[in-house]
Amino acid sequence: MSKVYVAIIGAGGVGKSFISQLNAYALRSKNHIISTILISRSSKAILSKDYSGLNLATWESDLASSSSSVKPPSFPEETLKFLTSAPGPVILVDNTFSGAIAAEYPRFLSSGVHLVTPNKKGFSSSLDLFKAIYSASKAQNGGYVFHEATVGAGLPVLSTLKDLIDTGDEIVKIEGVFSGTMSYLFNSFAPLSPSGAEKPFSACVAEARELGYTEPDPRDDLNGLDVARKLTILARLSGLQVSEPTSFPIQSLIPKPLESATSAEEFLAGLADFDGEMDKVKTAAESKGAVVRYVGSLDVGKGEVSVGLRNFDRGSAVAGLKGSDNIISFYTKRYGERAMIVQGAGAGAEVTAMGVLSDLIKVLERL
Ligand code: NHO
């Protein structure tokens, strides 16, 4: 049994689920002793200074009761020093939203620290950072990097894309529903089998927010940027040089006058005034025997990426999606027009954490 050290930054929704899944995995692992040496939130941290490992069964109360003076080690210097002084391989798990942490990935990787993360920032911001991350990982003694959960949560989207490319297939087009929030919204606003009791778009947004499917401010979902980040990652891994996630057309569902609303509540209150516009979009689709959905599309041959509303035939897989599920279709030379399809829950802490843990297991298998 070889010993591996794990450092976890970010212990919110995904982080908590990840730690509980990691604890269960560590108990049943036959090949590795997993020693968790750091768990940190924005303002607090627990650290195993002698590298003997934290107790994953009690981490939450340990973190809560850790004195407020126990701040996370300063990032990146102290953290890097602590990790690179460990007496064995180290895997850094970044479960934050932080762009500042993502900007330091190349430094950690080139120091031999392995990285797994659901944080999209490092892979979907500037192209320079994306390239620096991969070249640091590929350099001699560079750490492995995996980020499956940045697209489709635990669904095998990035690993499928890699397998298709590595086996010599040619990616023609990738398209689908990449946002759990948008999926839920349109499946309830424009269902495949209308019952006549559908709600206006603003009420669907309010309901999705109450159920916890949207970000606290729904504009962060409706602006399309989350989907654009996912498409940027897929495009870059398919070989396209996408400079920024805003360098291609993104259809925002935020009415212009509401962009400057000062709170989520003000935004939601004003959204009802624009229900008529969304109704027109829905009715236009219905008149063609179709339903409207919010999708992302990547045409590799043409080098085009787009994010926005599109009509889909009622018999199509996209139209038949349920709840907050994602669907991703890979059109390739080998699979032809029928496509290879990956479908299922694409948002939520448990399934996202599963994507992160499966990446950590991939690193373990390579050590
Ligand atoms: P939280 O609950 O806000 O937790 C963030 C944690 O990071 C907190 O503990 C905070 O204290 C800590 N933190 C922030 N900055 C820090 C710093 N500088 N130092 C130390 N700690 C710091 O966020 P979540 O929900 O747990 O998300 C964590 C990461 O997973 C984010 O990068 C998020 O984008 C990513 N992620 C989440 C989901 C999800 O469902 N929650 C998904 C994918 C990736 O597949 C999901 C998805 O795409 C959902 C999407 N909205 C959709 O499709 O509708």
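Relative contact order of segment 279-367, taken over Cα pairs closer than 8 Å and 6 or more residues apart, is 16 percent. Each Cα pair under 8 Å and six or more residues apart adds its separation to the average, and for segment 69-177 the resulting relative contact order is 20 percent.
For segment 144-258, the equivalent ellipsoid built from the Cα gyration tensor has semi-axes of 30, 17, 13 Å, listed from largest to smallest. Computed from the Cα positions only, the extents of segment 289-349 along the three principal axes stand at 32, 32, 21 Å, in decreasing order.
Overall, the anisotropy analysis places the chain in the prolate class: the square-rooted eigenvalues a ≥ b ≥ c of its C-alpha gyration tensor yield a/c not less than 1.5, with a/b exceeding b/c. Set the Cα radius of gyration of segment 242-367 against 2.2 N^0.38 Å, with N its number of residues, and you get 1.35. Highest GNM mean-square fluctuation among 92, 309, 109, for the chain modelled with Cα contacts below 10 Å: 309.
A protection proxy built from the mean count of other Cβ atoms within 10 Å ranks the segments 168-179, 73-84, most packed first, as 168-179, 73-84. Think of it as helices only: each DSSP H run of n ≥ 4 in the chain is worth -39500 (n - 2.57), and spread over all residues that comes to -11000 deg cm²/dmol at 222 nm. By definition, a body whose alpha carbon gyration tensor gives a ≥ b ≥ c is oblate when a/c is 1.5 or more and a/b is not larger than b/c, and segment 62-208 fits this oblate description. Protein heavy-atom accessible surface, 1.4 Å probe, per residue over segment 196-283: 48 Å². Kirkwood's formula applied to the C-alpha pairs of segment 204-284 gives a hydrodynamic radius of 14.3 angstrom. Taking every C-alpha pair closer than 8 Å and separated by at least 6 residues, the mean separation divided by the residue count of the chain gives a relative contact order of 20 percent. Taking the average, over residues, of other Cβ atoms within 10 Å as the packing measure, peptides 213-225, 111-123, 276-288 rank 111-123, 213-225, 276-288 from highest down.
The values are calculated or read from the model by the stated rules, or taken from the named source; none is laboratory data. Model, not experiment: these values are computed from the prediction. Methodologically, a virtual Cβ is constructed for each residue, glycine included, from the backbone with ideal geometry; neighbour enumeration extends over all protein chains shown. Surface areas here come from the heavy atoms of the whole protein model, side chains and all, with no ligands, DNA or RNA. Shrake-Rupley method; radii C 1.70, N 1.55, O 1.52, S 1.80 Å.
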